[in-house]
Amino acid sequence: MSRWPFLVTSLMVITSLACASITQFNPFTLQTPTPAPTPTAVAAAQQLQVFEAIVEAVRERYIYEDFGGVDWEAVEQTYRTQVAAGLSDEAFIQLMEALLAELPRGTAFYTSRAERIELETTDTSTYKGIGVFYGTRAEGEPRVVILQVIPGSPAELGGLKAHDAIYAIDGQPLTAEELDTISTRIRGPEGTTVTLTVQTPGQARRTVTLERGNISPSDSLRMTVEDGVLYVRVPVTANEAMAQQIAQQLEESAGDLEGIVLDLRVSGSSAGWPFGEMMTMFGTGDFGEFYTRTETQPIGVEGVDVGGSQTLPLVLLIGPDTRGSAEIFAAILQNIGRAKLVGLPTPGEFEGLEDIALPDGSRLSLATSSFRLPDGTDPAILGVQPDVSVDADWDTFATSAEDEVLTRGLEELTR
């Protein structure tokens, strides 16, 4: 999910504790002093304050006024009763996670105070793990799909490749319920090992044991020109230089190209995704608007042709790992008739998340903004649908020659 700076604010809910009352001795009416709150009572009161802050924020600021079809009032009542009874710290954290999981996937997250502090003080430029970018699949047999392998990582040294799928970790098959937090099983301290059950498309499953290392996540833009077609595989984590690199290739190939294929199937959202530059290069006009419950911001550009970027036949390859800015980019170019989309539907995960501070130092990340087309359609609700559907996921092929989506995309360029 992408973040839109003009929408990002913070909410701090301020709380106070009542002062203890002072009693006087009266020989005729003996008064029992009001006992000071016990630690358990204080914790229960604070938990209730955090809960109320969460449900109020969802009621007033959640991007979808119908809460994605969820009866939020009934959900509040159910969970309020459990919170009021008093919970351990761990049980309360789990309950808040369950509360927000009632909303559509990917639109609300709870981070405890301890987790928030750890995230804010940890160097996120590296991590301890095996070195893969991955997606998850709950349908069919639950699995982790390797989108790309980081060069020089334990995964690469162990023979893992893009398009492989992981079905078990340390002998335990994956379950659909754990896929959102599966990184906690894959990652671990440097020098420790993890055993994976892996399958390469078309081959038997095998067991691979990897020693975790210190990983610097990176992925690169890949471009080829063949038979008059510029193929661009947009990386998992794009940066601002991507648009310039594509523009340079278009200029160098000007006059020799007959079509362009932009492969967005592993392109997730990142802060560096050059949305404005890409829209200027491949689109033009009024595209729609970003919106919250109370604000809207229209978006549109006057397009600039770079080596045929505005005129050459254009195909975008999409799938379940196309997320964030790449999804909006695809939805716009499809809507204005500039590109044909080939592949599988996207997940519709590009709502803008806002971080909201809670009374105990924990944090709520809530979808408070999204994008809609000029006709009012919000593609995040159902995802971006391809013009040409090809039922071939990322882990169904191992080489470009076996890639049914790419083959169909190349065919569409000539139609």
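Laboratory data are not the source of any read-out in this text; all were calculated from the coordinates shown. Keep in mind that what you see is a predicted model, and the values were worked out from it rather than measured. Cβ: placed from backbone, ideal geometry, glycine included. Neighbour counts: every protein chain shown.
Report the Cα centroid-to-centroid distance between the range 158-190 and the range 225-276 in angstrom, as an integer.
Going from one Cα centre to the other spans 30 Å.
Residue separation times 0.36 nm, minus the C-alpha to C-alpha distance between Glu118 and Leu95: what's the value?
6.2 nm
More than 18 Å apart: what percent of Cα pairs in the range 69-169 qualify?
67 percent
In what sequence, highest mean first, do 185-194, 272-281, 399-408 appear when ranked by Cβ atoms within 10 angstrom?
Listed from highest to lowest mean packing, they are 272-281, 399-408, 185-194.
Treating only the Cα positions of the range 127-215 as identical point scatterers, give the base-10 log of I(q)/I(0) from the Debye formula at each q in 0.26 Å⁻¹.
-1.55
What spacing in nm lies between the two simple spin-label points modelled at Glu302 and Val388, each 7 Å away from Cα in the Cβ direction?
3.5 nm
For the range 174-261, what D do you get in µm² per second when you plug the Kirkwood radius from alpha-carbon pairs into Stokes-Einstein at 20 °C and 1.002 mPa s?
D = 126 µm²/s.
For a quick size check, give me the Cα extents of the range 224-381 along its three principal axes, largest first, whole Å.
Cα spread of the range 224-381 along its principal axes, largest to smallest: 60, 29, 27 Å.
Restricting attention to the alpha-carbon atoms of the chain, what are Rg (one decimal) and Dmax (integer), both in Å?
Calculated on Cα positions, Rg and Dmax stand at 25.3, 104 Å.
Could you tell me how far the Cα centroid of the range 339-407 sits from the Cα centroid of the range 97-147, in Å?
Distance between centres, Cα-based: 16 Å.
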